[in-house]
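Q: Below is a structure I'd like to ask you about.
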């Protein structure tokens, strides 16, 4: 067995090819989960109130949220924040366009 001595930050020869093959395999391997359902939530904002106030809400009541008009909304996938976006109108339905992807360290 022979070992290569590497300088700090230097990659072993052939690592780039291995990385490219690994990424290609990973993308193809994801096909197995394409049909797995996930829960997506676009959160416009939050509000706190007492139960008595909640019970007194009726149709047409305006509920004040902790966000300002035009402020980005949070997009969650399975209760994990993954992006921020803006509300858009698509024909006669509301939609969300993602403006920022949230990267988390695991």
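Q: Could we say that residue 13 is surrounded by fewer than 11 Cβ atoms within 10 Å (Cβ to Cβ), modelled with pLDDT of 90 or more and assigned to a loop (DSSP other than H, G, I, E, B) here?
A: No; evaluated as a whole, the condition is false for this residue.
Q: May I ask you to verify whether residue 52 is modelled with pLDDT of 80 or more, out of contact with any helix residue (DSSP H, G or I) (no Cβ under 8 Å at 6 or more places or on another chain) and not in a helix (DSSP H, G or I)?
A: In short, no.
Per-residue answers, yes or no, for (1) exposed (fewer than 10 other Cβ atoms within 10 Å of the Cβ); (2) over 17 Å from residue 39 (Cβ atoms); (3) at pLDDT 95 or above:
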residue: 63; (1), (2), (3): no, yes, no
residue: 67; (1), (2), (3): no, yes, no
residue: 71; (1), (2), (3): no, yes, no
residue: 84; (1), (2), (3): no, yes, yes
residue: 87; (1), (2), (3): no, yes, no
residue: 92; (1), (2), (3): yes, yes, no
residue: 96; (1), (2), (3): no, no, no
residue: 103; (1), (2), (3): yes, yes, no
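The values are calculated or read from the model by the stated rules, or taken from the named source; none is laboratory data. Computed from a predicted model, the values in this text were never measured in an experiment. Neighbour counts are summed over all protein chains in view; Cβ atoms, including those assigned to glycine, are modelled from backbone coordinates with ideal geometry.
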